[in-house]
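The values are calculated or read from the model by the stated rules, or taken from the named source; none is laboratory data. Treat the numbers as computed from the prediction; the structure is a model and nothing was measured. Note: ideal-geometry Cβ built from the backbone for every residue, glycine included; neighbour counts use all protein chains shown.
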Amino acid sequence: MSLPSEDSDPRDQVLSRLRPGAAPHDAETLRAFLVYRILLSSLLAFFAVTSAGPALLGWALPTVFQTTALVYLAASIAQGMLSYTPVAAARTQALATVLTDILLLTLIMFTSGGVESGLGMLLAVSIAAGGGLSPGRTALFLAAIATLVVMVAQGLAHLYQIFPTTAYTHAGVLGAAYFAIAALARVLGERLRRTEQIASRREVDLANLAELNEYIIQQMETGVLALDADQRIRLINGAAWHLLGMPDSCRDQPLAVVAPGLAHQVSRWRAHDERHQRRFRVLPQGKDLGASFAPLGGPESKALLVFLEDTARLNEQAQRLKLGSLGRLAASIAHEIRNPLGAIGHAGQLLDESEAIPPGDHRLIEIITTNTRRVNLIIDNVLQLSRRDHARPRETLLRELLEEVAADISQRRELPRECVHVDVQPPGAQILVDPSQLRQVLVNLCENAVDHFQLPVEELRLQLVGGTVREAGGPVLDICDNGPGIPPESARQIFEPFFTTRSSGSGLGLYIARELSEANGVRLEYIPKPLGGTCFRMLLPVRPVHARSVP
């Protein structure tokens with residue numbers, strides 16, 4: 001057996017796992033524009049090489065048109081490939097692409113008759129794309145560059161008398177159209193970017209919220225499972241994984257395979273059996289669990305949310321109420337019984353010292369004295385139980401605590417040290433309990449074993465073994481001996497108050513041990529040994545599981 005090692009607490013890392021808001025990306029829009037450019041340049045290059053296009057293409061300067069079309073195709077392909085590399089940002093690439101279009105498309109327009117060819121509108125698409133991808137006044141800057149280049153081209157045509165008409169009016173109207181398109185693209189681009197930013201922030205917020213919810217669920221001490229309509233486990237937190245006995249595989253597995261006992265509880269709940277007590281054990285020697293259910297989805301949905309609780313916590317609350325009542329009862333006992341009991345004991349002591357008492361009556365006086373001490377011991381035990389402080393759990397090295405108990409019991413009952421064996425796996429395992437109260441429980445159980453041992457005390461073998469047992473569903477501590485054991489007919493009553501098999505016992509030892517155990521979230525139970533001897537098992541509390549990976 002070995003105790004599970006604790007994972008590091010990730011609460012100080014939760015903020016680092018939340019994703020920051022991402023800036024809007026224009027890569028997809030840029031790539032769409034680049035695809036358009038490749039198609040356009042391919043078509044122009046095809047017309048230039050085959051002369052199969054409209055007659056107006058390149059009629060003024062055919063050789064320049066052909067060269068420009070091929071250069072435009074090469075530039076479009078190169079810039080398209082560049083968009084898939086992290087060389088420059090999307091907006092920088094968009095600016096370079098539009099400037100390339102202004103230069104090359106204006107040159108193609110110039111070789112085809114100038115603005116009267118109608119090819120100037122091809123620049124409008126590039127300016128619109130650049131305005132949508134570029135922030136601020138960049139769109140207007142692109143429109144101004146395009147207008148200036150077109151006007152310079154018309155001026156050169158007029159200077160060298162390449163075209164029969166100058167068409168300055170058409171060039172001016174085309175420039176105005178560029179500015180109008182740029183202004184509109186700028187407004188639409190800014191709105192689109194704001195919308196994208198809002199959508200991106202909301203997407204990140206939802207992702208962060210989902211991760212935060214998952215983190216909270218993983219930190220809950222209550223076990224949580226989500227079942228789909230086919231009763232398969234879709235979500236399980238670390239607490240539920242521990243409560244179900246740490247199965248090897250959980251997610252997407254049928255509940256009937258992982259935890260048949262819980263599957264039976266679900267079936268009874270679906271059958272509307274309100275009389276059914278929803279407390280069960282996943283494993284025969286596991287924890288007592290309580291289950292509650294909440295439907296997920298609409299009334300027709302069979303999805304289910306299951307909450308699991310270790311009933312030890314409920315027992316602890318009931319324990320506090322019980323201790324309050326017991327404290328009031330103990331105070332009454334101390335006041336009403338202890339004073340007359342002291343008088344009886346004192347009178348018996350005086351009678352025993354009297355010379356007038358016949359020797360045969362001294363046996364009767366001895367009976368009075370012995371039973372007076374016994375009643376006084378019972379009152380002391382009850383007062384000790386009612387007056388004890390609430391548990392103050394802290395991290396305790398289990399092996400160190402057991403070694404102290406072994407040394408104490410060996411010295412107190414004059415046992416050879418080798419009679420008490422301590423084994424903890426792993427040796428550095430820590431538990432979260434009140435060490436003083438747990439030490440009292442262990443000493444009580446060990447002394448009980450010594451009192452009931454019928455052979456020479458040198459033959460007694462006490463074993464204090466700590467580790468993890470799968471059927472127990474978590475860490476355990478076994479206190480075993482090689483004594484005569486407990487008769488089966490008495491095993492069910494050993495934890496009841498005032499039950500004892502010895503005439504000199506008070507019947508409160510095991511009862512107090514269980515009460516102290518439950519106050520620390522520890523369940524104490526008797527485990528029958530088939531080969532004889534006595535074994536008490538303490539199911540130690542499992543510390544909260546933080547973001548533990550559940551299989």
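Condition (residue is crowded, with 17+ Cβ neighbours inside 10 Å, polar (S, T, N, Q) and touching a strand residue (DSSP E or B) at 6+ places or on another chain (Cβ under 8 Å)) applied to the stretch 217-228: is it met by at least one residue?
No - not one qualifying residue is present in the stretch 217-228.
Going by the conditions given, is Leu212 more than 22 Å from the chain's Cα centre (by Cα), at pLDDT below 85 and outside any strand (DSSP E or B)?
It is false that Leu212 is more than 22 Å from the chain's Cα centre (by Cα), at pLDDT below 85 and outside any strand (DSSP E or B).
Give me the pairs: first residue in the stretch 479-504 and not assigned by TED's automatic domain parsing to the domain that holds Val443 and exposed (fewer than 12 other Cβ atoms within 10 Å of the Cβ), second residue modelled with pLDDT under 80 and in a strand (DSSP E or B), beta-carbon distance under 7 Å, and six or more apart or on different chains, which are they?
none
What pairs come out if I take residues in the stretch 43-61 that are without any contact (Cβ under 8 Å) to a residue 24 or more places away in the chain and buried (at least 16 other Cβ atoms within 10 Å of the Cβ) and pair them with residues that are hydrophobic (A, V, I, L, M, F, W, C) and not in a helix (DSSP H, G or I) whose C-beta lies under 8 Å away, six or more apart or interchain?
Taking only residues 6 or more apart or on different chains, the pairs are Phe47/Leu57; Ala48/Leu57.
Looking at Arg251, Arg234, which one is assigned to a loop (DSSP other than H, G, I, E, B) and of a type in the set (Lys, Arg)?
None of the other options fit; the residue is Arg251.
Go through Arg186, Arg194 for me and flag whichever is surrounded by fewer than 13 Cβ atoms within 10 Å (Cβ to Cβ), over 23 Å from the mean Cα position of the chain (by Cα) and not polar (S, T, N, Q).
Arg194
Return a yes/no flag: does the stretch 102-123 have any residue that is crowded, with 21+ Cβ neighbours inside 10 Å and among the aromatic types (Phe, Trp, Tyr).
yes
Could you go through the stretch 143-151 and let me know if any residue there is assigned by TED's automatic domain parsing to the domain that holds Arg191, assigned to a helix (DSSP H, G or I), buried (at least 23 other Cβ atoms within 10 Å of the Cβ) and among the β-branched types (Val, Ile, Thr).
Yes: one or more hits.
Filter the stretch 395-427 down to the residues that are among the polar types (S, T, N, Q), surrounded by 15 or more Cβ atoms within 10 Å (Cβ to Cβ) and without any contact (Cβ under 8 Å) to a residue 40 or more places away in the chain and list them by number.
Residue satisfying the conditions is Ser410 alone.
Kindly indicate which of Gly53, Gly80, Gly58 is in the same structural domain as Gly132 (by TED's automatic domain parsing) and in a helix (DSSP H, G or I).
Selected residue: Gly80, the only one of Gly53, Gly80, Gly58 that is in the same structural domain as Gly132 (by TED's automatic domain parsing) and in a helix (DSSP H, G or I).
Every residue in the stretch 364-412 that is charged (D, E, K, R) and modelled with pLDDT under 85, please.
If the condition is that a residue be charged (D, E, K, R) and modelled with pLDDT under 85, then Glu366, Arg373, Arg374, Asp380, Arg387, Arg388, Asp389, Arg392, Arg412 are the ones that fit.
Any residue at all in the stretch 307-319 that is among the hydrophobic types (A, V, I, L, M, F, W, C), modelled with pLDDT of 75 or more, under 36 Å from the mean Cα position of the chain (by Cα) and not in a loop (DSSP other than H, G, I, E, B)?
Yes, because at least one residue in the stretch 307-319 is among the hydrophobic types (A, V, I, L, M, F, W, C), modelled with pLDDT of 75 or more, under 36 Å from the mean Cα position of the chain (by Cα) and not in a loop (DSSP other than H, G, I, E, B).
Could you please find all residues in the stretch 215-242 being charged (D, E, K, R) and more than 26 Å from Pro475 (Cα to Cα)?
Within the stretch 215-242, Asp228, Asp230, Arg232, Arg234 meet the criteria.
Among the polar types (S, T, N, Q), surrounded by 14 or more Cβ atoms within 10 Å (Cβ to Cβ) and out of contact with any Asp or Glu (no Cβ under 8 Å at 6 or more places or on another chain) - does that describe any residue in the stretch 163-171?
Looking for residues that are among the polar types (S, T, N, Q), surrounded by 14 or more Cβ atoms within 10 Å (Cβ to Cβ) and out of contact with any Asp or Glu (no Cβ under 8 Å at 6 or more places or on another chain), one finds at least one in the stretch 163-171, hence yes.
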